[in-house]
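As C-alpha cells, the structure follows; a few thoughts come after it.
The values are calculated or read from the model by the stated rules, or taken from the named source; none is laboratory data. Computed from a predicted model, the values in this text were never measured in an experiment. Backbone-built Cβ (ideal geometry, glycine too); neighbour counts: all protein chains shown.
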Amino acid sequence: MEAPVAKNEYYDVIFEDLTHDGAGVAKIDGFPIFVPNGLPGEKAKVKVVKVKKGYGFGRLIELYEQSEDRIDAPCSIYKQCGGCQLQHIRYEGQLKAKHKHVKEVLARIGKIEHATVHPVLGMNDPWRYRNKAQVPVGEREGGLVAGFYKERSHDIIDMDACLIQQEMNDIVVQTVKQICEQYNIPAYNEQTHKGVLRHIMARYGATTKEVMVVLITRTEELPHKKKIVEAIVQRVPNVKSIVQNINPKRTNVIMGEHTRVLWGSEYMYDYIGDIRFAISARSFYQVNPEQTKVLYEKALEYAELTGKETVIDAYCGIGTISLFLAKNARKVYGVEIVPEAIADAKRNAELNGITNVEFAVGEAEVIIPKWYEQGVRADCIVVDPPRKGCDESLLQTMIIMKPERIVYVSCNPATLARDLRILEDGGYKTIEVQPVDMFPHTMHVECVSQIVLREN
Ligand code: SAH
C-alpha cells in the first residue's frame, strides 16, 4: 500500500497502543506510526521522521492531551540514557502494559490463548533494585567518563547516579572511576582498539552488604595495580573481592575468558530466602534479589513437588533454582554452560548442606539427552534459558522424556511463546503464566509458566 504519510510532515494523532519498548502507536489512515514517548489515549502533534514499507516512525512535537499514566521521569538523564524506557509511565501503568504485552505475544506467536496470564507481580518500591552495575568507561578531556550508552549509540553519558541501581553500586563506580583517573589509566577506545579500562563492574549483596569490584581491561597489564587495589580497599566499604577480567577482543561482549583475583576472595556471598550463595565475577546471578525470591517461589509452587520427584534444572547458573527446589525433591540435576558457575553451584550446595543435587557443565541440549540415555527420568523439568530461548532439540528431548510438569522461566516473552507452541504440539498444555517485574522502568519482563503433560 502507498504510505498515506510523508517524511518531515506534521500530523495530529491519537495514540492507540504502546509497543513493548515504550513507544506510542498511532494510526494515520490505518498506517501505523511509532512515536517514542507517546502514551495510549494521548492527543498529539507528531512529525514523521522515517517511512518504511508498512509503518513509519515519528517524533512527538506537542502533547494536546495527557494520559493519566504520564508522570515526569524522576531520573535527570532519562531522555539521553538507553537504560530505562518506561520511567515516564506511572508504575501501575507499566505493570498493566507488561501484562498486555505478555498476553498479546503468547497469542500472536504461540497461539496460546487458553492459559491464565496473571497480573504482573510488581515491587512495593520499584527503585534502587539492581545489585549489579556494568558501566562502560570512556575518556573526555582531562579525565574519565563512566556511564551508560546513549540510546542506539556507543556514546557514553557520564553518570553519577542511576535510580534503578543499589546506591552502593553508584558509590563503587564513582570511587573506582576517580581512583583510575588519579592513576591516569587510559580508557579503552572502541574505534582504535587501544587503551586499558573497558568497564567497571560492581556487585552488591543486598542481604550480606558485601561488595565485589571487577575491573575489565583490554590488556593483561593494569598500570599501578597495587596502588589502585589499595585505594579501593581503603575507600569502598565492605569490599570482599577485587577481580580483574581481561577482554582483549574487539567485541560487544563485556567480559573476557580470563579472570584473576587482585585482592580478597574470588567470590562474594548473598542470600535468596535462607539459602546462601557464593557468586564469582563471571557467573550469572539475578539482578533483582527481592523479585528473584518472588520468582523462585512461584517456580517452586508450579513444580508441585512432594519430595519424591526427580527434577532437572536446565540453564541452572550457580544453582539457585536447583537448591531452592532440592528441599522438596528426591534429587535435582542442574546443567549450565559456564564452568565457573557450576563450580559456584557445587560450592553452594555444600555451603547449605544440600546433598541431593548433581551439577554438570555443558549445553543443556547435549547433557540432558545424555542423562536420558543413562536412564535419568525427570518428573519435572525447569528451564530458565537466556533471551534466545531453548534450543529446539532440548524441547524435543523434553517431549520424549515426558516429565509430568515443565516450569519455564523466561526473560523474553517472544521466545517463550515460540517454545510453548512446540511443547503444546508435543503433547503439553500451558496452564498458567505469571509475569514478575524483575526490571521496573525498563521494557523487560520475566515470566514463569506451568506446563503439564496432557492426559491421553
Ligand atoms: N537459573 C539461573 C540462571 C539463568 S540465566 C538463575 O536463575 O540464576 C541463563 C543461564 O543459562 C546462564 O547462566 C547461561 O550461562 C546459561 N546458558 C546459556 N546457554 C546455555 C546452554 N545452551 N546450556 C546450558 N546453559 C546455558
*Output the number of residues of region 69-79 satisfying the condition of being exposed (fewer than 15 other Cβ atoms within 10 Å of the Cβ) and either of a type in the set (Val, Ile, Thr) or in contact (Cβ under 8 Å) with a residue 24 or more places away in the chain (or both).*
2
*Looking at (1) assigned to a loop (DSSP other than H, G, I, E, B); (2) under 27 Å from the mean Cα position of the chain (by Cα); (3) on the phi < 0 side of the Ramachandran plot, find the lone condition where LEU222 falls short.*
(2)
*Filter region 100-121 for residues that are crowded, with 19+ Cβ neighbours inside 10 Å and of a type outside the set (Val, Ile, Thr) and give the result.*
HIS101, LEU106, GLY110, ALA115
_Single match in ALA278, ALA360 (criterion: outside any loop (DSSP other than H, G, I, E, B), in contact with an Asp or Glu (Cβ under 9 Å, 6 or more places away or on another chain) and either surrounded by fewer than 19 Cβ atoms within 10 Å (Cβ to Cβ) or among the β-branched types (Val, Ile, Thr) (or both))_ = ALA360
*Among the residues listed as ALA206, ALA202, ALA187, the single one being surrounded by fewer than 22 Cβ atoms within 10 Å (Cβ to Cβ) and either in contact (Cβ under 8 Å) with a residue 24 or more places away in the chain or within 28 Å of ARG140 (Cα to Cα) (or both)*: ALA206
*With the condition kept exactly as written, say whether any residue in region 17-28 is over 30 Å from ASP158 (Cβ atoms) and in contact (Cβ under 8 Å) with a residue 60 or more places away in the chain.*
yes
*How many residues, within region 304-328, are surrounded by fewer than 23 Cβ atoms within 10 Å (Cβ to Cβ) and either away from the ligand (no atom under 13 Å from the Cβ) or outside the structural domain of GLU432 (by TED's automatic domain parsing) (or both)?*
9
*Hits in region 330-340 - residues which are more than 6 Å from the ligand (Cβ to nearest atom) and free of Cβ contacts under 8 Å to residues at least 40 places away in the same chain*: ARG330, LYS331, VAL332, GLY334, PRO339
*Applying the selection to region 404-430, what residues are among the hydroxyl-bearing types (Ser, Thr, Tyr) and in contact (Cβ under 8 Å) with a residue 40 or more places away in the chain?*
TYR408, THR430
